[in-house]
Amino acid sequence: MNTPKRYTITTALPYTNGPIHIGHLAGVYVPADIYARYLRLTGNDVVFIGGSDEHGVPITIKAKNEGVSPQDIVDKYHAIIKNLLKILVLLTIIIREQPRPSIMKLPLSFLKH
């Protein structure tokens, strides 16, 4: 029995200052999703990771223009992005839910060879 190869696939992290658009899907998420699905279909062990970029000037500017905190903007658009990706059923990803020191926790067995 062959041991499957292990792959970690990541995607660009959209700023959470607005919803994603067709360019995000066509240029980032769909190609990465196709590749991850292909690798799985060919018997490989794949972890596909995505999330949101919650830091940066665009978020701060949007918050200032809307009279809310940057965290309010992040929470609003992270939820919109996450729900859109779920609705489109494009990705099987680990999306972080709350700020924490570690963005995500992978099973240690995946990282060991």
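The mean accessible area for residues of the stretch 9-94, using a 1.4 Å probe and ignoring ligands and nucleic acids, is 56 Å² per residue. Averaging the Cα positions of each part gives two centres, and for the stretch 69-84 and the stretch 12-36 these lie 15 Å apart. Residues whose amide H comes within less than 5 Å of that of Glu54, counting only those at least five positions distant or on another chain, are absent (H built at 1.01 Å from N in the peptide plane). Backbone amide hydrogens, once placed in the peptide plane, bring Val46 within less than 5 Å of Tyr7, excluding anything fewer than 5 places away on its chain.
The values are calculated or read from the model by the stated rules, or taken from the named source; none is laboratory data. What you see is a predicted model; the values in this text were computed from it and never measured. Surface areas here come from the heavy atoms of the whole protein model, side chains and all, with no ligands, DNA or RNA. Shrake-Rupley method; radii C 1.70, N 1.55, O 1.52, S 1.80 Å.
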